[in-house]
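Shown next, in structure tokens, is the structure this report addresses.
The values are calculated or read from the model by the stated rules, or taken from the named source; none is laboratory data. Remember, it's a predicted structure, so these values are computed and weren't measured experimentally. Note: ideal-geometry Cβ built from the backbone for every residue, glycine included; neighbour counts use all protein chains shown. Heads up: the accessible areas ignore ligands, DNA and RNA and are worked out on the full protein's heavy atoms, side chains in. Shrake-Rupley method; radii C 1.70, N 1.55, O 1.52, S 1.80 Å.
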Amino acid sequence: MILLSRATMKTRSILLASALMLSACGNPNSSKAQDGVFAESNRVTPESAGAMKSSFAPVVRTAAPAVVNISARTVQRVQADPFFQFFGGGIPQARVAESVGSGVIVRADGIVVTNNHVIEGAQAIKVVLNDRREFPATVVLADARSDIAVLRLENVGERLPTLPIDDSEQQQVGDLVLAIGNPFGVGQTVTNGIISALNRTETGISDSGSFIQTDAAINPGNSGGALVDMDGDLIGINTAIFSRSGSSAGVGFAVPAAMVKRVVDSAVGGAESVVRPWLGVKGDTVSGDIARSLGLERPQGVVVTELYANGPGARAGLREGDVITAVDGQEVNDQGGLNYRVGTRNPNDEVEVGILRDGRPQTLRARVQVLPGDADTDRAMVVEQGAFSGAQVLALNPALADRLGGDPFARGVIVTGVSGRGYAARVGIRRGDVIQTINGRAATAVGDLQRAQPGSEIVINRGGRLLTGRI
């Protein structure tokens, strides 16, 4: 029986009894499989579909040396047995947990990219190369939102094999691909398949992700491994699977190389986090009904429902009711796809926005910007008295809302913590609640909560549900 220590991520259900599973960790026991030894060969990369049928070996020979195994060790504190606790011996014990994933060397000086969930919370990280050399590694940058982390190998004394990142986004559905990684900790393994779909956004993995879907077998332990095209280039980092059993069902997802490169560039550039610009646009997917109401030939694009005042989209000339169909020539059909396309750009980059206005196509140019506002949560204030006493609160702004995983257009005051001794805790205020109105007036500042008294009528947004009552 194979035990998975960190193999799954719970998300919303997409199909009957289907679960989205992070393919992060395999068996932490070391494998006796012989990795990293390739016979000398005079074969070259195939140049035709006919040549491809003979062997993938030339591509594997080029790509596999840059794919690594990653072992992440965490120390967890666990409570002692209740029997001993009863007799005063309940001292928490330390338990070492180890998980196994994959990674890709993208710079010859020892920069490795993997999934954030492979190394999250790790106190020690060991990277094993294809030729069995081992290096300790440190985290340079971890971006939970894209599920990409960048590591630096220590004590690297020579140039290492690398995989070039192909962020040109020229892939097509049906292209042949290879998935290379360390499934179940058995050792480096190569599987093949095709690109099943592109620009998958409604996956539940990320609100700003647009994934490559493949039927190449991806299993627990493959997370962080390479999705490689027939040129031997890295086109994605394998991240998640849909599966009922926990093993490959032929529906795997990879973070596209454009986002991988964005995170890597941020890391090697010295950034502490990935700064994602925005267009300042909120919209709905164009359904069949919306398409008919707008006189469109078919459902396509994102219809603009709200523009941030003086934001990049508004300054570019976008209007409510416009249908955004593409960004820099890449089709978008929902808010997640729009967020992804803009999020892979650098702040102040100019992008081409393709729109339909009154049924006629137009192209606008917008300069994307960082989200306005202060995202620092350390400035939260504790309400000392009144109806919200004991609540730690912050006034929302686009940057803060985005950092907290919310809607940048959200307005109100968010509760970032609740003390058990205050009035707010007694009446059921929770962390994450967004106070929208108090006695019929919009709550926009911390002072609005400080002045509120017991008996006030409030409207709370709690996880997308609006709750109305008296506090």
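General observations
- Residue check for I435: touching a Phe, Trp or Tyr at 6+ places or on another chain (Cβ under 9 Å), buried (at least 18 other Cβ atoms within 10 Å of the Cβ) and farther than 30 Å from W278 by Cβ: no
To keep it simple, each residue is scored yes or no on (1) in contact with an Asp or Glu (Cβ under 8 Å, 6 or more places away or on another chain); (2) surrounded by 24 or more Cβ atoms within 10 Å (Cβ to Cβ); (3) at pLDDT below 90.
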{"site": "I165", "(1), (2), (3)": "yes, no, no"}
{"site": "G181", "(1), (2), (3)": "no, yes, no"}
{"site": "S196", "(1), (2), (3)": "yes, no, no"}
{"site": "N222", "(1), (2), (3)": "no, yes, yes"}
{"site": "R244", "(1), (2), (3)": "no, no, yes"}
{"site": "F253", "(1), (2), (3)": "no, yes, no"}
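- Cβ pairs under 9 Å, 6+ apart, first in the range 298-324 and over 12 Å from R367 (Cα atoms), second outside any strand (DSSP E or B) and of a type in the set (S, T, N, Q): P299/S287; P299/N333; Q300/N333; G301/N333; V302/N333; V302/Q335; V323/Q300
- Residue count for the range 359-371, restricted to those that are charged (D, E, K, R) and in contact (Cβ under 8 Å) with a residue 12 or more places away in the chain: 2.
- Selected residue [under 28 Å from the mean Cα position of the chain (by Cα), on the phi > 0 side of the Ramachandran plot, without any contact (Cβ under 8 Å) to a residue 60 or more places away in the chain and open to solvent by 20 Å² or more (accessible area, probe 1.4 Å)] from D374, D328, D378: D328
- Restricting attention to the range 344-360, the residues that are closer than 17 Å to V286 by Cα and either surrounded by 13 or more Cβ atoms within 10 Å (Cβ to Cβ) or in contact with a strand residue (DSSP E or B) (Cβ under 8 Å, 6 or more places away or on another chain) (or both) add up to 5.
Here's the yes/no breakdown for (1) modelled with pLDDT of 90 or more; (2) surrounded by 12 or more Cβ atoms within 10 Å (Cβ to Cβ); (3) over 26 Å from S266 (Cα atoms):
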residue: S71; (1), (2), (3): yes, yes, no
residue: A80; (1), (2), (3): no, yes, yes
residue: F87; (1), (2), (3): no, no, yes
residue: N116; (1), (2), (3): yes, yes, no
residue: V128; (1), (2), (3): yes, yes, no
residue: V150; (1), (2), (3): yes, yes, no
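- Test: residue in the range 333-353 that is of a type in the set (A, V, I, L, M), farther than 25 Å from S266 by Cα and in contact with a helix residue (DSSP H, G or I) (Cβ under 8 Å, 6 or more places away or on another chain): no
- Under the condition of being in contact (Cβ under 8 Å) with a residue 40 or more places away in the chain and open to solvent by less than 50 Å² (accessible area, probe 1.4 Å), the residues counted in the range 397-424 number 7.
- Residue count for the range 413-471, restricted to those that are of a type in the set (A, V, I, L, M) and assigned to a loop (DSSP other than H, G, I, E, B): 6
Yes or no, residue by residue, for (1) closer than 16 Å to A63 by Cα; (2) in a strand (DSSP E or B); (3) β-branched (V, I, T):
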{"residue": "R145", "(1), (2), (3)": "no, no, no"}
{"residue": "A149", "(1), (2), (3)": "no, yes, no"}
{"residue": "G157", "(1), (2), (3)": "no, no, no"}
{"residue": "P161", "(1), (2), (3)": "yes, no, no"}
{"residue": "S168", "(1), (2), (3)": "no, no, no"}
{"residue": "Q171", "(1), (2), (3)": "no, no, no"}
{"residue": "I180", "(1), (2), (3)": "yes, yes, yes"}
